[in-house]
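The values are calculated or read from the model by the stated rules, or taken from the named source; none is laboratory data. All values derive from a computational prediction rather than experimental measurement. Every residue, glycine among them, receives a Cβ derived from its backbone with ideal geometry; neighbour counts consider all protein chains shown. Ligands, DNA and RNA are stripped out before the accessible areas are found, and what is left, the full protein with its side chains, is counted by its heavy atoms. Shrake-Rupley method; radii C 1.70, N 1.55, O 1.52, S 1.80 Å.
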Amino acid sequence: MNPLLKLFGFALAAVFAGLTLLAVGLMALYLYLAPQLPSSESLRDVHLQVPLRVYTHEARLIGEFGEMRRIPLEFHQVPAPLVHAVLAAEDDRFYQHPGVDYQGLLRAALALVKTGEKRQGGSTITMQVARNYFLSSEKTFLRKLKEILLALRIEREFSKDEILTLYLNKIYCGNRSYGIAAAAQFYYGKGVDQLSVAQMAMIAGLPKAPSRYNPVANLERATERRNYVLDRMHLLGYLDAADYQAALAEPETAQRHALEIEVEAPHVAEMVRAEMVNRYGEDAYIGGYKVYTTLDTRLQPAANQALRAGLLEYDKRHGYRGPERHIELTPLLKPEDWTRILEGSPEIGGVQAALVLKVAVQSVTVFQPMLGTLELPWAGLSWARPYIDANHRGPAPKTALEFLKPGDIVRIEPLPGTQTDQQWGLSQLPAVEGALVALNPNDGAVIALAGGFDFYQSNFNRVVQAYRQPGSSFKPFFYSAALEKGFTPASLINDAPIVVEGADLGEAWRPENFGGKFYGLMRLREALAQSRNLVSIRVLRAIGIDYAIDYATRFGFRPERLPQGLSLALGSAVATPMEMVRGFAVFANGGYQVEPYFIERIEAPDGSTLFQADPLVACMDCATPASAIPAAASRGGAAGRAALRVITAENDYLMTSMMRDVIRTGTARRALALGRSDLAGKTGTTNDQRDAWFCGFNAALAATAWVGFDKHLPLGDLETGGYVALPIWMRFMEVALKDRPEQLPEPPPGIVTLRIDPATGALARADNRQAINEVFSSEHPPKSADEVESLGAGLGAGAARGVEQLF
């Protein structure tokens, strides 16, 4: 045989054997790696890590929680120029190759041979999807082989558009922004459909090196990368010459844009976050859940404003505590230095920090970064009498030089009534705190909630976490119990001094009315309207403490937080504003116990509903027999989610009527300024004025306002519920009830109106010119004048005590 042919045959056999061994090796490698790759089913079961988002009832954003910023998009939502920019930057042969670009891999192999270093290279968009979704980012040959095999499998499972969509939603673009939509929002504050071509090129250039090409951190380098992407788009025919030149010439405007919170309700957003973590664990932060709350988009800002205005007013009444800090103001400092100095004093509760530049006799010039240089007039300065303590201030200042100097860091706020030509005045961050919460009384939906002056100053949620003494605002609950026991609004009780010896008090207790005066015999209606403490103690003693505590549980109060003593009559229990508003909601809705709730529904990322609230609803047409109530609170009807009727319709009507008098003639007369006759409620003030309350309602809304110091300090001698908390409630209700018709309660069948003698509470004789109308339950009518006279004659000198018992 020819030696050359023999040699050729040997070489051919060797090549064949080598190829066979290579094929066997590749097959063995595939068989080794294939089981380690995700299955076809898991490839289809792709979950993006999307943050938790919280919305109002009307779908306005109030909060976002999660490390990753991401806004998933469908492919049809991505503008074509943005797709072109990404392809030009990352993989221009994406729609031609089968998932692996062998030309790119060859270039990467040659680079390895030349440099001797393992470098990432030759990765297609499909390979990046394989790595980012299913593999680690380690740089090893084994991982690269897995990436290639997985990319080929992905190409079999998904269309090209689906693969590109996965990529566009997954890529990291810096600053915790994942995906092009999150990047567009963060860098430009826009949706992807609002971006210019230059901005699209900037975003498309980020995935290669998000830190290196970050336009916020390194504008020059980022612009070079943007222009490179524009060059590629022009070269590939995606941009004509005119558009290309226009894009190159466009100034770069990237800056930080936080996701816009549309409604400020951080306390509620935090309540939702905690509940979602309780339900779903850490997946709550990445599962893409959308939570729709019960908050009203219009009324939540009204609650914030009402609470802040009330706290600022209280704070100013007690004097100026001085500037927050002071710096040496030298001629070398420029406006940019002033801005940097003020960065340590962010806006809190709408109150801005400013730097005092100049102090004149009755005006002050300040600098505020967003507002520039402002002059504060004397009208916004003259209030600043020096704070001494809760009950004392220093003398009124005559000049601004007495309390300010250049270099002071102070707070400023808009002066009221100057919207057209806005003027600003001196302010300060209040040391006092407060809370405001409003419910729909018919189902317990939380309509508005402000848990403090500013969440970011103090995230303590006083609506649900502050257990405070309710003072006289607790009286309606055991007055309702007294009506159940047979008292009437006309029952006469003696408002006279009393000495109580009680184990719960430790020593003799001599309670007093606010102001220290006593008013003698008075009707129950008057006593509640004027908040007479001695009457309340006698009422509680008459009905029994145990009965009163058990009765209070009908309104949702926990018995262990109610003291076993007569001090309960003055509101020595502890309750949160949420518990108080829940209790008053019973009066507002006709006598039904509802459960406050703030989550309306929870949606999965695909829009399916995971949870839908099913609240108990007050059912006025499902009356529970009154006889069933004392033994057990029965459902207001057999069907559906009807709420429990816990007090009779007659009891509710009488109590609402009496609490309307709190506003008409009593401690809440200020609320008459709202010009409505359908409002009812009760003020509350605790010992030493440490807590101030107003709990009020009509048929459409129940709301509670509370003011106090977190450290339980006294508010000041004159700072009662009617003076501190009521104006907050009024501000809110003015907005909440605007353009809403009055809703006066209709008397139920068991209510009668009779003429009584106001001096005795008995039925009036026909010739009594002082007689007034009063409402009664038909089961408990007033005594006749003859009965009262007979009882009084029989008691002789003890008549006053006897009349006290005529209930």
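Computed values, structure above
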read-out: Given (1) assigned to a loop (DSSP other than H, G, I, E, B); (2) modelled with pLDDT of 95 or more; (3) open to solvent by 60 Å² or more (accessible area, probe 1.4 Å), number of the condition GLY344 does not satisfy; value: (2)
read-out: Options THR253, THR223; residue that is out of contact with any Ser or Thr (no Cβ under 7 Å at 6 or more places or on another chain) and either more than 30 Å from ARG60 (Cβ to Cβ) or of a type outside the set (Val, Ile, Thr) (or both); value: THR223
read-out: Selection count where residues are assigned to a helix (DSSP H, G or I) and farther than 18 Å from LEU230 by Cα, scope region 165-182; value: 8
read-out: Residue satisfying all of: in region 523-532; outside any loop (DSSP other than H, G, I, E, B) and buried (at least 22 other Cβ atoms within 10 Å of the Cβ); farthest from the chain's Cα centre (by Cα) among these; value: ARG523
read-out: Top-ranked residue of region 293-303 - restricted to ones that are assigned to a helix (DSSP H, G or I) and more than 12 Å from TRP729 (Cα to Cα), ranked as most open to solvent (accessible area, probe 1.4 Å); value: PRO301
read-out: Residue within region 255-266 that is at pLDDT 95 or above, in a helix (DSSP H, G or I) and closer than 30 Å to PHE611 by Cβ present; value: yes
read-out: Per-region count, region 705-725, residues within 22 Å of the chain's Cα centre (by Cα) and hydrophobic (A, V, I, L, M, F, W, C); value: 5
read-out: Which listed residue, of ALA431, ALA435, is in contact with a Pro (Cβ under 9 Å, 6 or more places away or on another chain) and either modelled with pLDDT of 95 or more or charged (D, E, K, R) (or both); value: ALA435
read-out: Pairs with Cβ under 9 Å, 6+ apart, first in region 67-78 and closer than 13 Å to CYS173 by Cα, second charged (D, E, K, R) and open to solvent by 60 Å² or more (accessible area, probe 1.4 Å); value: MET68/ARG176; ARG69/ARG176
read-out: Subset of region 390-416 [within 23 Å of SER345 (Cα to Cα) and acidic (Asp, Glu)]; value: ASP408, GLU413
read-out: Search result, residues across region 455-471 that are under 22 Å from ALA736 (Cβ atoms) and either surrounded by fewer than 24 Cβ atoms within 10 Å (Cβ to Cβ) or among the polar types (S, T, N, Q) (or both); value: PHE455, ASN461, VAL464
read-out: Strands (runs of 3 or more DSSP E) contained in region 348-457 and holding at least 1 residues under 30 Å from HIS267 (Cα atoms); value: 352-359, 364-368, 408-414, 424-427, 433-439, 446-450
read-out: The lone exception for TRP338 - which of (1) surrounded by 14 or more Cβ atoms within 10 Å (Cβ to Cβ); (2) assigned to a helix (DSSP H, G or I); (3) in contact (Cβ under 8 Å) with a residue 40 or more places away in the chain it fails; value: (3)
read-out: Criterion (over 30 Å from MET730 (Cβ atoms), out of contact with any Phe, Trp or Tyr (no Cβ under 7 Å at 6 or more places or on another chain) and modelled with pLDDT of 95 or more) met by exactly one of ALA269, ALA309, ALA353, ALA274; value: ALA274
read-out: Output for region 463-499, where each listed residue is within 30 Å of ALA642 (Cα to Cα), touching a strand residue (DSSP E or B) at 6+ places or on another chain (Cβ under 8 Å) and not in a loop (DSSP other than H, G, I, E, B); value: VAL463, SER473, PHE474, LYS475, PRO476, LEU483
read-out: Whichever residue in region 317-335 is crowded, with 17+ Cβ neighbours inside 10 Å and in contact with a Pro (Cβ under 9 Å, 6 or more places away or on another chain) and, among such residues, is farthest from PRO406 (Cα to Cα); value: GLY319
read-out: Single match in PHE514, PHE474 (criterion: among the aromatic types (Phe, Trp, Tyr) and open to solvent by less than 10 Å² (accessible area, probe 1.4 Å)); value: PHE474
read-out: Pairs where the first residue, in region 220-247, is without any contact (Cβ under 8 Å) to a residue 12 or more places away in the chain and within 17 Å of LEU82 (Cβ to Cβ) and the second is assigned to a helix (DSSP H, G or I) and not acidic (Asp, Glu), C-beta under 6 Å, 6+ apart; value: HIS234/TYR244
read-out: Test: residue in region 359-370 that is surrounded by fewer than 16 Cβ atoms within 10 Å (Cβ to Cβ), closer than 20 Å to ASP421 by Cα and under 33 Å from the mean Cα position of the chain (by Cα); value: yes
read-out: Test: residue in region 654-672 that is open to solvent by 20 Å² or more (accessible area, probe 1.4 Å), under 20 Å from ALA618 (Cβ atoms) and not basic (Lys, Arg); value: no
read-out: Of all residues in region 414-444 being of a type in the set (A, V, I, L, M) and open to solvent by 10 Å² or more (accessible area, probe 1.4 Å), the one that is farthest from PHE455 (Cα to Cα); value: LEU415
read-out: Selection from region 764-779 of residues that are in a loop (DSSP other than H, G, I, E, B) and either more than 15 Å from PRO749 (Cβ to Cβ) or small (Gly, Ala, Ser) (or both); value: ALA764, ARG765, ALA766, ASP767, ASN768, ARG769, GLN770, ALA771, SER778
read-out: VAL410 vs. criteria open to solvent by 70 Å² or more (accessible area, probe 1.4 Å) and either within 22 Å of LEU726 (Cα to Cα) or among the β-branched types (Val, Ile, Thr) (or both); value: no
read-out: Which numbered condition PRO745 misses (of (1) in contact with a strand residue (DSSP E or B) (Cβ under 8 Å, 6 or more places away or on another chain); (2) open to solvent by 40 Å² or more (accessible area, probe 1.4 Å)); value: (1)
read-out: Residue identified as over 28 Å from ARG176 (Cβ atoms), assigned to a helix (DSSP H, G or I), out of contact with any His (no Cβ under 9 Å at 6 or more places or on another chain) and open to solvent by less than 20 Å² (accessible area, probe 1.4 Å) among ALA222, ALA269, ALA306, ALA246; value: ALA306
read-out: Verdict on PHE584 being closer than 21 Å to GLY708 by Cα and surrounded by 19 or more Cβ atoms within 10 Å (Cβ to Cβ); value: yes
read-out: Residue satisfying all of: in region 183-197; open to solvent by less than 20 Å² (accessible area, probe 1.4 Å) and either over 21 Å from ALA217 (Cα atoms) or not small (Gly, Ala, Ser) (or both); farthest from the chain's Cα centre (by Cα) among these; value: LEU195
read-out: Residues satisfying the stated conditions in region 517-534, i.e. farther than 12 Å from THR488 by Cα and either basic (Lys, Arg) or without any contact (Cβ under 8 Å) to a residue 24 or more places away in the chain (or both); value: LYS517, PHE518, ARG532
